[in-house]
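The values are calculated or read from the model by the stated rules, or taken from the named source; none is laboratory data. Keep in mind that this is a model prediction, so the values were computed, not measured. Cβ: placed from backbone, ideal geometry, glycine included. Neighbour counts: every protein chain shown. With ligands, DNA and RNA removed, areas are computed over all heavy atoms of the protein, side chains included. Shrake-Rupley method; radii C 1.70, N 1.55, O 1.52, S 1.80 Å.
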Amino acid sequence: VTGLTKHYGDRTAVDDLTFTVAASRVTGFVGPNGAGKSTTMRIMVGLTRPDLGEVRYDGARYTDLQHPARLVGTVLDTRCMHPGHTARNHLRAMAATSTIPASRVDEVLDEVGLESAANQRTGKFSLGMRQRLALAGALLGDPQVLLLDEPSNGLDPDGIHWLRHHLTDFAHRGGTVFVSSHLIGELSMFADDLVVVGGGKLLAAETVEAITARQKATVVAETSQPADLARVLAGPSVTVEATGDHLVVRGATKAAVSQLAFEHGIRLVELSEVAPSLEET
């Protein structure tokens, strides 16, 4: 994605956005509502035309691909299915428009766990079932890339666990996964990289580890001598907050706190290190 810019009147939805999504990895796409995530994803598959910039898949523009569904599978809107169609017929229509063999329909229904609902009309589907059917549509062409906008929306805990496993497995088999979500805590459990946007601008494009490493871990110590421990820990780069017998220490490692307590004969009841969550970071 190179230099994407998109204006709607006086509003800039996407502002000179550049990033790369790597193969064999899951890349999370995060930012507040109105940050430009959906507009960017629509541009990535030719549904919205940018004012400036371009998107290429292994050197080719999406609109130049002869069989785009065989390279890129997308889920951008789970409402894009006729309520009167059965799940199987919905996918058959998708397969026909993309010259994909009809035999793939039952394969992907089984893959997303909807084989028992194949002949049910989609108008009766729950949001979670529509999410699974939309993912089945994205998988029809056996693509190399998956672009998914809020795919966990409406899924129950089992469904979220299934989705996480499925996307991770897809990436491990060499696929490229680009998934937007407002559930940053959920993304942290399976994303390798993050693209963070705000106000249409790129804020970060790094590995999850690099982003979380920006904030140091906090050490929590429980001791029967909190005042003594706070005194020996005091320093220009260390802050200590006391609550009863517990001290929250910032600016020192667990090993350093343990060593100082040992050297000064201070008894520790418990010592732990709390890393900041991806959401907090």
What nm value, rounded to one decimal, do you get for the distance between Val238 and Asn153 when each label is placed 7 Å out toward the C-beta?
4.8 nm
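Across the chain, how large is the tail of the calculated P(r) beyond 24 Å, expressed as a percent of all Cα pairs?
For the chain, the share of Cα pairs beyond 24 Å comes to 59 percent.
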Dipole axis of the range 119-219 (+1 Lys, Arg; -1 Asp, Glu on Cβ), positive-most option in Ser181, Gly137, Gly123
Gly123
Kindly state, to the nearest 0.05, the FRET efficiency for Glu270 paired with Thr207, given R0 = 41 Å and r defined as their beta-carbon distance.
0.85
Once the in-chain neighbours fewer than 8 apart are removed, the lysines whose Cα is under 26 Å from Lys6 read Lys37, Lys201
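Given a 1.4 Å probe, how much area per residue of the range 174-281 is accessible, in Å²? Intermediate values should be presented prior to the final figure.
On the way: 5780 Å² over 108 residues.
Value for the range 174-281: 53 Å² per residue.
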Treat each spin label as a single point 7 Å out from the Cα along the C-beta direction, and report the Glu279 to Asp64 distance in nm.
4.3 nm
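Between His161 and Thr18, what's the calculated FRET efficiency when r is the beta-carbon distance and R0 is 25 Å? Round to 0.05.
Efficiency for this residue pair is about 0.15.
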Karplus (6.51, -1.76, 1.60) ³J(HN,Hα), θ = phi - 60°, over the range 190-202, in Hz, Gly and Pro reported as x
9, 7, 8, 10, 9, 10, 10, 10, x, x, x, 9, 6
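Could you tell me which helices of the chain pass both thresholds, a Cα extent of 20 Å or more along their own axis and a mean Kyte-Doolittle hydropathy of at least -1.0, with helices taken as whole DSSP H runs? Could you put the intermediate results ahead of the total?
Working: long enough: 157-172 (22 Å, -0.70).
Span-like helices in the chain: 157-172.
Between Lys216 and Glu107, what's the calculated FRET efficiency when r is the beta-carbon distance and R0 is 30 Å? Round to 0.05. Spell out each step's value before the answer.
Numbers: r = 48 Å, r/R0 = 1.60.
E between Lys216 and Glu107, to the nearest 0.05, is 0.05.
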Determine by what factor the alpha-carbon radius of gyration of the range 85-191 differs from 2.2 N^0.38 Å, reporting the quotient.
1.04
Hey, got the Cα dimensions of the range 112-163 along the principal axes, in Å, largest first?
30, 24, 16
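Determine the calculated [θ] at 222 nm for the chain from helices alone, applying -39500 (n - 2.57) to every DSSP H run no shorter than 4 residues and normalising by the residue count; nearest 500 deg cm²/dmol. Walk me through the numbers before you get to the answer.
Working: 9 runs with 84 residues, N = 281.
The per-residue figure over the chain is -8500 deg cm²/dmol.
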Which far-off residues, 5 or more places away or on another chain, put their amide H under 5 Å from the one on Asp16, with H placed in the peptide plane?
Thr5, Lys6
Under 22 Å between alpha carbons, and skipping anything fewer than 8 positions from Lys254 in its own chain: which lysines qualify?
Lys216
What is the distance, in nm, between label points placed 7 Å from the Cα along the Cα-to-Cβ direction at Arg121 and at Ala227?
7.6 nm
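Tell me, what is the percent relative contact order of the chain, built from C-alpha pairs under 8 Å that lie six or more residues apart?
On the way: 532 pairs, mean separation 60.9, N = 281.
Rounded, it is 22 percent for the chain.
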Hydrodynamic radius by Kirkwood for the range 106-259, inverse mean 1/r across distinct Cα pairs, in Å, is 19.3 Å
Ignoring any ligand, DNA or RNA, what whole percent of the accessible area of the chain comes from carbon and sulfur when the probe is 1.4 angstrom?
50 percent
Say we join alpha carbon atoms closer than 10 Å with springs in a Gaussian network model of the chain; which of Asp158, Asp169, Asp106 then has the biggest fluctuation?
Asp158
